[in-house]
Amino acid sequence: MIRKASIMFVHKDQFDEYKRRHDEIWPEMVEALKQHGAHNYSIFLEKESGQLFAYLEIENEDRWNQMAKSDICKKWWDYMAPIMETNSDNSPRSVDLNELFYLA
């Protein structure tokens, strides 16, 4: 498995809505994530800054990168755009993190 981590940003007045939308994540979105090789996907919130720390494990980079091209992913981005910082295509503005330490 490949471990990936990134930081995203949710608007400070939207924490509850962000959580609600993920508590009610669409089954077709879950299925697409799994089809694209995602495992152990977690998102954590740092309330002071509104930063979201996302961690997931993937099977293959190329397969995972295809997720962003799927219709369901684009639909999810559009749904989440009003409550997050986004790029011009509504994808979440994110910063990839480089792994410096791992203890198995």
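Please treat every number below as a calculation from the coordinates, not as lab data. The shown structure was predicted, so the numbers you read here are calculated from the model rather than taken from an experiment. Ideal geometry is used to build each Cβ from the backbone, glycine not excepted, and the neighbour counts take in all protein chains shown.
According to the Kirkwood relation over distinct C-alpha pairs, the hydrodynamic radius of the chain is 14.4 Å.
Toward the positive end of the charge dipole of segment 7-104, about the Cα centre and with charges on Cβ (Lys, Arg +1; Asp, Glu -1), which of Pro82, Ile7, Ser70 goes farthest? Sorting the options by dipole projection puts first Pro82.
Can you tell me the dipole magnitude for the chain around its Cα centre, using point charges on the Cβ only (Lys, Arg +1; Asp, Glu -1), in Debye to the nearest 20? Provide the component values of the computation, followed by the final result.
Details: 13 positive and 19 negative charges, 2 e Å.
So the magnitude is around 20 debye.
Evaluating 6.51 cos²θ - 1.76 cosθ + 1.60 at θ = phi - 60° for every residue in segment 68-81, the Karplus couplings come out as 5, 8, 6, 4, 5, 5, 5, 5, 5, 4, 4, 5, 8, 3 Hz, glycine and proline recorded as x. The HN-Hα couplings worked out from phi for segment 89-96 by the Karplus form 6.51 cos²θ - 1.76 cosθ + 1.60 (θ = phi - 60°) are 8, 6, 5, x, 5, 9, 10, 6 Hz, whole numbers, x standing for Gly and Pro. Rounded to the nearest whole angstrom, the semi-axes of the ellipsoid equivalent to segment 60-104, taken from the Cα gyration tensor as √(5λ), stand at 24, 15, 8, largest first.
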